[in-house]
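Have a look at the structure below before the remarks.
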Amino acid sequence: MHIRIINPNTTASMTEKIGEAARRVAGAGTRVTATNPRSGPVSIESHFDEAVSAVGVLEEIRAGEEEGADAYVIACFGDPGLFAARELTRAPVIGIAEAAFHMATLVSTRFSVVTTLARTGIIAEHLLATYGFAHHCRRVRAAEIPVLDLEDDGDAAFRRIVAECRRAKEEDGIGAIVLGCGGMADLTGAIRDAVGLPIVEGVTAAVKLAESLASLGLQTSKHGDLAFPRPKRFTGQFEHFGSRGA
Ligand code: 2AL
């Protein structure tokens, strides 16, 4: 099977890192490709960044449909464009936040999220509520690192994440930690060793869930709200979206 991983930000080094983390856990019969939109923010750390990036995600889904991808992973912790992406394809589309939340509840009754900047915490909180996981999450914490510091100053970022994870372990009454950024995908093992808790990382969780869905023959339902969008005209720079539909 072919899993197409979409890093919604435009930082190529992060896309590469995400692809490598995914390939490390993918099964022998799984081909992983990692892409990012041509246009958009270099990192996603606000509602504005997220809204702009969602259009790029949808462009990448359309490109994946040309290639016949079997499943998609949206590799940003805000899951930008997730439900819209599901409308564009029969293949499963999995967001890394939802994948991590699901997996965390299978290994612990309560978890905390450790994300990048405190201002992005509200995005995770909204998703926890939307997906029905709020009851399982004790706290959304931030290591106070800008996303691109994960690329540019990895050692310092790692230390701050581990320190926050240790505080979560001591203070939150939790059994597991969810890492709150796609750019942390390469750090999972080292954080687990340093903290001594199950560390659930969304990119790898999403790859294994995508493989599970594919092996069960489960695709995105086209009955109801996730049906292909009704054909209609789009104008201006989005004119090309108008040719799609049922
Ligand atoms: C993210 C993420 O996963 N990638 C990105 O650019 N921003 N989310 C986050 N909370 O830092």
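L117 fulfils the conditions (1) crowded, with 23+ Cβ neighbours inside 10 Å; (2) of a type in the set (A, V, I, L, M, F, W, C); (3) within 10 Å of the ligand (Cβ to nearest atom) except for a single criterion, (1).
Can you confirm whether the stretch 193-202 contains a residue that is touching a strand residue (DSSP E or B) at 6+ places or on another chain (Cβ under 6 Å) and in a helix (DSSP H, G or I)?
Within the stretch 193-202, none of the residues are touching a strand residue (DSSP E or B) at 6+ places or on another chain (Cβ under 6 Å) and in a helix (DSSP H, G or I).
Candidates are the residues of the stretch 211-239 that are over 12 Å from E87 (Cβ atoms) and more than 26 Å from the chain's Cα centre (by Cα); the one that is surrounded by the fewest Cβ atoms within 10 Å (Cβ to Cβ) is G236.
Here Y131 fulfils each of the conditions (1) aromatic (F, W, Y); (2) closer than 28 Å to A157 by Cβ; (3) in the same structural domain as P41 (by TED's automatic domain parsing); (4) surrounded by fewer than 17 Cβ atoms within 10 Å (Cβ to Cβ) apart from (3). Exactly one of (1) buried (at least 18 other Cβ atoms within 10 Å of the Cβ); (2) over 20 Å from E45 (Cα atoms); (3) of a type outside the set (F, W, Y) is unmet by R167. Its number? The failed condition is (1). Give me the residue from the stretch 34-61 that is β-branched (V, I, T) and under 15 Å from the mean Cα position of the chain (by Cα) and, out of that set, surrounded by the fewest Cβ atoms within 10 Å (Cβ to Cβ). The extreme case among them is T35. If you go through the stretch 65-97 and pick out every residue that is surrounded by fewer than 24 Cβ atoms within 10 Å (Cβ to Cβ) and either under 27 Å from I199 (Cα atoms) or of a type in the set (D, E, K, R) (or both), you end up with 10.
Every residue, every condition in (1) in the same structural domain as F158 (by TED's automatic domain parsing); (2) at pLDDT 95 or above, yes or no:
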site: G196; (1), (2): yes, yes
site: A210; (1), (2): no, yes
site: L216; (1), (2): no, yes
site: D225; (1), (2): no, yes
site: T235; (1), (2): no, yes
site: H240; (1), (2): no, no
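The values are calculated or read from the model by the stated rules, or taken from the named source; none is laboratory data. Since this is a predicted model, take the numbers as computed values, not measurements. Using ideal geometry, Cβ is built from the backbone for each residue, glycine included, and neighbour counts are taken over all protein chains shown.
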